[in-house]
Amino acid sequence: MSSIVLPGGERYELRGGAAFGAGTAPAASRIAYAAAHVVADPLAENVPGAPAALDWDATLAFRHHLWRHGLGVAEAMDTAQRGMGLDYPAVRELVRRSASEARSVSGRIVAGVATDQLDGPATVPQVLDAYREQLADVVSAGAVPVIMCSRHLAAVASGPDDYVSVYSTLLSEVDAPVVLHWLGPMFDPMLTGYWGSTDLNAAADTVLALLKDHAAKVEGIKMSLLDADFEVAFRRRLPDGVRMYTGDDFNYPDLIAGDEHGYSDALLGVFAAIAPLVGPALAELDKGSKDGFHALLDPTVPLARHLFGAPTQFYKTGIVFLSWLSGHQQHFTMVGGLQSGRSVTHLARLLVLADEAGLLPHADLAAARARSLFAVAGVSQ
C-alpha cells in the first residue's frame, strides 16, 4: 500500500522510482564524489554528547551502493556528522574500514582531515599538530586527504597569515597532492570569517595565493558556499592543474556542466541521496550531451534545495531519512540524536520531492516507514 496521509491531512500516493539497474561505470569526463552519511547503531546510546556507535555493516554497505553507481566516496566529511555527533575515534575507524572496502572494489575514496580531536580552545601550533595527526591517519589508511576547515583554527586565527602559515606547513610536508576544503558558515556557523575575512573576495585572494604557491601539492579544492557566480569566478582563477570540486548543493547541474571556460567536478552531500541518477547523468556528459545530463539531474534540484534549506547544517537528517525510506538502513536513528534536526513537516515535503524525482525505489516500503514516523507525530492514517 503506497498511499499515505501527510501532516496537514493531504493524502498522497507514492509512485516509487524506476527499477534502478545494477550500476554505472565511473564517468570519464568528470570526477564525482558523494559525501556519505554514517548509519548509527539504533540500540546503542547514540544520544547527544555520547560517543558515536555505528552499524558498521549498514554504513559500509551504503558506500558500496555509491561505488556501484559510479561515484567516489568522500568519507568522514560534514555529511558523516563531523562536529555534530561523530567523534574522532569513530572517524579514524570509519576511514580505515572504508578505505579497505574501497580497495576491494577499486573504488575512489577521499577522506576528511580536521582538528576535531582537540578538546576546548587551542593555539595555532596545537591546531597544526592536530591536522598532522589526522593527515597521517588518512594517508596510512590509503585515502586521499581532504584538508577540511577547522573550527579551532577559525577561533584562534588572528588573520589571514595564521591560515596561510598552517596550510603552507601542511602542504610542504605532504608527499602526494591533497584536496582543500572551503565550507561556508551556512553549513557551519563556527566557520564564519574563514581564511581571515568575512569578505569573500578578500578570502578568495588569500586562498588563491596559497594555491599558487603550492599548486603541485593540491589536486583540487572543494567549495561549499552556495554561490554559483562566486564559484565560477574563483574557478577561472585557479592555477593550471588544480580542480574545482563543487560543493554547491543548490546549483550543481550548471556548475558541473560548465561553460566555455571550464567546469566543476563534484564533491556533494546531495549525491548520497540521488546516486542512481548521477551516474547516468554524467554518462550523458561523457557522450557530449548536456541536454541529456540536465534532463536527468535538473529534476533533483527542488529536492536538493529543500534538503539543504536553512538551517543548512541539519541537512544530514534529511539524508538519513531518505536512506531509511529507500531501504539502505532499517531505522531512522542518528548519532547524537540528530534525527530530531528536522520537523516532521519538513520531512514530509522531502518525501514528496524524492518521490517526484523517482528516487524512492520501493513505494510501499517508503510509505510504510513514513506512516510509522508520522503516526508518532500524531498524524492519523
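What follows is calculated from the coordinates using simple rules that are stated; it is not laboratory data. This structure is a prediction, so every number in the text was calculated from the model and none was measured. So basically every Cβ, Gly included, is an ideal-geometry build from the backbone, and we count neighbours across all protein chains shown.
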Revision key, fill the gap. Net charge (Lys, Arg +1; Asp, Glu -1) of residues whose beta-carbon lies under 11 Å from that of Ala34, Ala34 excluded, is +1
Check your understanding: So what is the relative contact order of the range 100-147, in percent, for Cα pairs below 8 Å that sit 6 or more residues apart?
Key -> 49 percent
Practice item. Would you mind getting me the FRET efficiency between His64 and Arg15? Use the beta-carbon distance for r and R0 = 25 Å, nearest 0.05. Key: 0.40
**Study point:** the range 84-243 pair-distance distribution - Cα-Cα, 10 Å bins, rounded %
**Key:** 10, 40, 37, 12, 0
Study note, to complete from the structure: Expected max-MSF residue from Thr79, Thr123, Thr206 in the GNM of the chain (alpha carbon, under 10 Å) is Thr123
**Study point:** Added length on full extension, which subtracts the Cα-Cα distance from 0.36 nm per residue, Leu208 to Arg237
**Key:** 9.7 nm
**Study point:** Projected-area mean, the range 228-317, by convex hull of Cα positions, square nanometres
**Key:** 6.2 nm²
Review point. What residues have an amide H closer than 5 Å to that of Ala35, excluding those fewer than 5 places away on the same chain, when H is modeled at 1.01 Å from N in the peptide plane?
Key: Ala74, Leu268, Gly269, Phe271, Ala272
Revision key, fill the gap. Karplus ³J(HN,Hα) for the range 307-315 (6.51 cos²θ - 1.76 cosθ + 1.60, θ = phi - 60°; Hz, whole; x = Gly/Pro) runs 4, 9, x, 5, x, 4, 4, 8, 4
Revision key, fill the gap. Note, Val91: beta-carbon cut-off 14 Å, +1 each Lys/Arg, -1 each Asp/Glu, net -3
Revision key, fill the gap. Listed with the fewest Cβ neighbours within 10 Å leading, Arg15, Arg108 appear as Arg15, Arg108
Practice item. May I ask you to derive the relative contact order of the range 1-152, considering only C-alpha pairs under 8 Å and at least 6 residues apart, and to give it as an integer percent? Key: 19 percent
Check your understanding: Fewest first, what order do Thr300, Thr192 take by the number of other Cβ atoms within 10 Å?
Key -> Thr192, Thr300
Point to revise | Alpha-carbon Rg/Rh ratio, for the range 149-297, with Rh computed the Kirkwood way | key: 0.99
Check your understanding: Expressed as a whole number of Å, what is the distance separating the alpha-carbon centroids of the range 293-326 and the range 119-159?
Key -> 29 Å
Review point. Using 18 Å as the cut-off for backbone N distance, which residues of the range 174-188 belong to the label zone defined by a point 7 Å from the Cα of Phe250 along Cα→Cβ?
Key: 182-188
Point to revise | the range 41-83 residues near the modelled Asp286 label - backbone nitrogen below 20 Å, point 7 Å along Cα→Cβ | key: 64-74
Exercise for review: Pick out which of Lys217, Lys287, Lys316 has the largest mean-square fluctuation in a Gaussian network model of the chain, springs linking Cα atoms closer than 10 Å.
Suggested key: Lys287
Review point. For the range 206-241, list residues with backbone N below 16 Å from a point placed 7 Å from the Cα of Asp175 toward its Cβ?
Key: 217
Exercise for review: Hey, could you get me the Stokes-Einstein D for the chain, Kirkwood radius over alpha-carbon pairs, 20 °C and 1.002 mPa s, rounded to whole µm² s⁻¹?
Suggested key: 102 µm²/s
Check your understanding: Do you know the relative contact order of the chain, to the nearest whole percent, from alpha carbon pairs under 8 angstrom that are 6+ apart?
Key -> 23 percent
Study note, to complete from the structure: The answer for Met334, listing residues at least 5 apart or on another chain whose modeled amide H is closer than 5 Å to its amide H, is Gln339
Exercise for review: Evaluate Rg over Rh across the range 1-111, taking Cα atoms for both radii and Kirkwood's formula for Rh.
Suggested key: 1.07
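Using just the helices of the chain, give the 222 nm mean residue ellipticity in deg cm²/dmol: DSSP H runs with n ≥ 4 each add -39,500 (n - 2.57), and the total is spread over all residues, rounded to 500.
-13500 deg cm²/dmol
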Study note, to complete from the structure: Sorted by chain and number, the residues with a modelled amide H under 5 Å from that of Ala111, at a separation of 5 or more or across chains, are Glu75, Val144, Val146
Point to revise | Listed residues Asp57, Asp265, Asp87, most fluctuating in the chain (Gaussian network, C-alpha, under 10 Å) | key: Asp57
Exercise for review: Taking the Cβ of Gly220 as the centre, find all other residues whose Cβ is under 9 Å away and add up their charges (Lys, Arg: +1; Asp, Glu: -1).
Suggested key: 0
Revision key, fill the gap. From fewest to most C-beta neighbours within 10 Å, the residues Arg369, Arg132 line up as Arg132, Arg369
